[in-house]
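What follows is a set of notes on a single structure, which appears directly below.
The values are calculated or read from the model by the stated rules, or taken from the named source; none is laboratory data. Just so it is clear, the structure is predicted and the values come from calculations on it, not from any experiment. Cβ: placed from backbone, ideal geometry, glycine included. Neighbour counts: every protein chain shown. Quick note on the areas: whole protein, heavy atoms, side chains included, nothing else; ligands and nucleic acids left out. Shrake-Rupley method; radii C 1.70, N 1.55, O 1.52, S 1.80 Å.
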Amino acid sequence: KKKIRVAIDGPSGAGKSTIAKAVARELGIDYIDTGAMYRAVGYKTIRCGVDPDDAQAIKEMLDHTEIDFSGGNIILDGVIINDKIRTPEISKRASECSALADVREKLVQLQRQMGQAKSVIMDGRDIGSNVLKDAEYKFFLTASAEERARRRFEELKEKGQPVEYGQILSDIRQRDHKDMTRELNPLCKAEDALEVDSTEMGIEEVTQFILKEIEKTW
Ligand code: C5P
């Protein structure tokens, strides 16, 4: 079968990563979670005490930063950081860092490299509109802010993290706003992307829908 690239974009909590993972497994292709890469950068700024407003310090940090995926893990400077980057604090910092030109330049370049060698499904905010503009399949996954907050709430609760629904909803709205209005590669639906509203659809239903769309022509 020929090489394909699949882009899945959308706001946080729409179910992108769960669905992209399932689609990747079904199709036997690689999954690349670009949000995890911005989270890794955000995590490192906190751990190293780097101020995101200090462009010089950010640049220096990026010069000594290695981000990779292996066996479903996100690896920062040789260390697996999977569970360290899924906190509200890191979400916020990742969003702040993702607006910085140097950060985007480095990560977008890395993502394009990752999408070159083999078939991949990549999820994020600017995959169909920027990173993989010529992807063969593009989806824009949405859901109401309330439903996305509810899902995030359940997810964090399950992990035993103390959270409040109202706080999550306001964090999500704030992050949506930031992601959609930033100057560089904002969250937006690519013209040729297929929009899927998952507010009233289950994970399995969306996964099957996307698989069917891909298998129509692959
Ligand atoms: O998808 P996730 O919530 O893990 O992404 C964390 C943050 O990284 C997002 O809020 C967004 O600001 C940023 N991001 C981005 N471009 C991407 C993926 C994520 O700016 N392609």
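For a quick check of your reading of the model, give me the residue pairs whose first member lies in region 96-111 and is without any contact (Cβ under 8 Å) to a residue 60 or more places away in the chain, whose second is near the ligand (Cβ under 10 Å from one of its atoms) and aromatic (F, W, Y), with beta-carbon atoms closer than 9 Å and at least 6 apart or on different chains.
Within 9 Å, the pairs are C97/Y38.
Taking region 119-148, which residues are assigned to a helix (DSSP H, G or I), within 13 Å of the ligand (Cβ to nearest atom) and touching a helix residue (DSSP H, G or I) at 6+ places or on another chain (Cβ under 9 Å)?
Going through region 119-148, the residues assigned to a helix (DSSP H, G or I) turn out to be 127-131, 145-148.
Pick out the ones that are also within 13 Å of the ligand (Cβ to nearest atom) and you get 127-131, 148.
Listed by number, the residues that qualify are I127, N130, V131, R148.
Can you report the number of residues in region 1-28 which are of a type in the set (D, E) and open to solvent by 20 Å² or more (accessible area, probe 1.4 Å)? Quick ask: steps written out before the conclusion?
Let us first name the residues in region 1-28 that are of a type in the set (D, E), namely 9, 26.
Remaining after also requiring open to solvent by 20 Å² or more (accessible area, probe 1.4 Å): 26.
Matching residues across region 1-28 total 1.
Can you report the number of residues in region 178-218 which are more than 19 Å from V131 (Cβ to Cβ) and of a type in the set (D, E)?
The number of residues fulfilling the criteria is 6.
Given the criterion within 12 Å of the ligand (Cβ to nearest atom), buried (at least 18 other Cβ atoms within 10 Å of the Cβ) and among the hydrophobic types (A, V, I, L, M, F, W, C), identify the matching residue among I74, I81, I67. Outline the logic, then answer.
Details: I81 fails: within 12 Å of the ligand (Cβ to nearest atom); I67 fails: within 12 Å of the ligand (Cβ to nearest atom).
Answer to the check: I74.
Do we have D53 as free of Cβ contacts under 8 Å to residues at least 12 places away in the same chain and either under 15 Å from the mean Cα position of the chain (by Cα) or farther than 19 Å from N185 by Cβ (or both) here? Walk me through it before giving the result.
Numbers: free of Cβ contacts under 8 Å to residues at least 12 places away in the same chain: yes; either under 15 Å from the mean Cα position of the chain (by Cα) or farther than 19 Å from N185 by Cβ (or both): yes.
Criteria met by D53.
Spot the failing condition for F153; the list is (1) in contact with a helix residue (DSSP H, G or I) (Cβ under 9 Å, 6 or more places away or on another chain); (2) touching a residue at least 24 places away in the same chain (Cβ under 8 Å), and only one is missed.
The failed condition is (2).
If you check Y43, Y31, which single one turns out to be more than 10 Å from the ligand (Cβ to nearest atom), part of a strand (DSSP E or B) and either surrounded by fewer than 19 Cβ atoms within 10 Å (Cβ to Cβ) or not polar (S, T, N, Q) (or both)?
Details: Y43 fails: part of a strand (DSSP E or B).
None of the other options fit; the residue is Y31.
Between a residue in region 1-17 that is farther than 30 Å from L156 by Cβ and any residue that is open to solvent by 10 Å² or more (accessible area, probe 1.4 Å) and outside any loop (DSSP other than H, G, I, E, B), which pairs come within a Cβ distance under 7 Å, given they are 6 or more apart or on different chains?
I4/Y137
List pairs: first residue in region 35-46 and free of Cβ contacts under 8 Å to residues at least 40 places away in the same chain and farther than 8 Å from I85 by Cα, second residue more than 7 Å from the ligand (Cβ to nearest atom) and not in a helix (DSSP H, G or I) anywhere in the structure, Cβ distance under 7 angstrom, at least six positions apart or on different chains.
K44/T65; K44/L76
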